[in-house]
Structure formats: structure tokens, C-alpha cells
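The structure appears below as C-alpha cells.
The numbers here are math on the coordinates, done by the rules we state, and not lab data. As the structure is a computational prediction, the values presented were derived from the model and not from experiment. We place every Cβ from the backbone using ideal geometry, glycine too, and count neighbours over all the protein chains shown.
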Amino acid sequence: MTRAQLEELIRALNDVVLIRKDLMATASSTCHLGALGVLSALSRLGAIRVSHLAEYMQVDVSVASRQLAQLESAGYVGRHRDPNDGRAHLVFVTEAGQRELDGVRASVASRFEAALDGWTGEELTLLTAQLDRLRGDLERARPTRNSGHLDQTTHGTGVKALS
């Protein structure tokens, strides 16, 4: 492989990420892109402390708190006391939040379906396998952060934000 090939791959991936962000942003009339990422992470992780969510998403606690406050005011996120530590609270996705996330996922999937109409199932399977391989290789090459709270070898980048 050459440096030019790698740079072309990086450019193509950046283009795909920008298109995906645009698809997600236009799929929701009530949530901005950052909030959708938080909602998706909470849906995947379940009830969790704000500090652990921020660590998972690789953002400052103040950023996670601000996004959670917006989601909470919209009724998409709730809080309850941590049963293991009554001083702490856990945040979680409400039914309304899950409906919003499911609607966004369905909208994005419909747009992908329309855009990839000319692709065969075999082509999609091959692309998915190659992307999974790329993600795995990039994860292994990334320095790990061992905090003791969450497995940082899993993504915090939003790569699977709506999966």
C-alpha cells in the first residue's frame, strides 16, 4: 500500500462521515447530532452515571451534562438514584427518547436503502465486513485508556452511534 492510497481512503471515509452526519441531522426534527449520539450511547449502555457516559463518549463531563440537560428537558432522558450509591444518579433513555431514536434509525435506514438500491446483498455484506475489519484494525492501533469504569477498547467515537 502507498501513502497516496491511505490518504485517498482517509478522504473517502471523511466524506462518508459527513454524509452520515447530514442524514442523521435531517432525520430528527427535535434532536441535534450530538444529542443523538448521547441518546444512542445511553440506549446501548443502559442506566449509567454522567461521568461514566462522558468518559465513554470521550468528552468532558460538562459537555455530557449540557447535552443530557437538553435531552432531559425534551423528555428523552430521565434520572434516578444509583441503587449502589444513594448520593449519585444514573441517567437513562425514557420511552419517548427510545421512540425518537428508533424513528431516526428508521429514517436513516430508509435513506440508505434508497441510496444503495443498485447494490447486491453480497456487495453490502462485503463492504460491511471490510469496514468491520478496518474498525477493528484501527481500534487495535489506538492507544488504550484504562480508567476502570468502561472498556475503552470499544469505541467512543460514535462509529456505531446508531447501531
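Residue-wise HN-Hα couplings along region 88-96, as the Karplus relation 6.51 cos²θ - 1.76 cosθ + 1.60 with θ = phi - 60° gives them from phi, are 9, 10, 10, 9, 8, 7, 7, 4, 5 Hz; Gly and Pro carry x.
Here the 3J(HN,Hα) profile of region 8-14, calculated from phi with Karplus coefficients 6.51, -1.76 and 1.60 at θ = phi - 60°, is 5, 4, 4, 4, 5, 5, 4 Hz, Gly and Pro shown as x.
Take the Cα gyration tensor of region 1-136, multiply each eigenvalue by 5, square-root it, and list the three semi-axes largest first, rounded to whole angstrom.
On the way: eigenvalues 215, 70, 38 Å².
Taking √(5λ) for each eigenvalue gives 33, 19, 14 Å, largest first.
Taking the charge dipole of region 75-141 about its Cα centre, with +1 at Lys and Arg Cβ atoms and -1 at Asp and Glu Cβ atoms, the residue from 126, 116, 103 reaching farthest to the positive side is 103.
Apply the a/c threshold of 1.5 to the C-alpha gyration tensor of region 1-49 and tell me whether it is rounded, prolate or oblate.
On the way: a/c = 5.14, a/b = 1.92, b/c = 2.67.
Oblate shape, in that a/c is at least 1.5 and b/c is the bigger or equal ratio.
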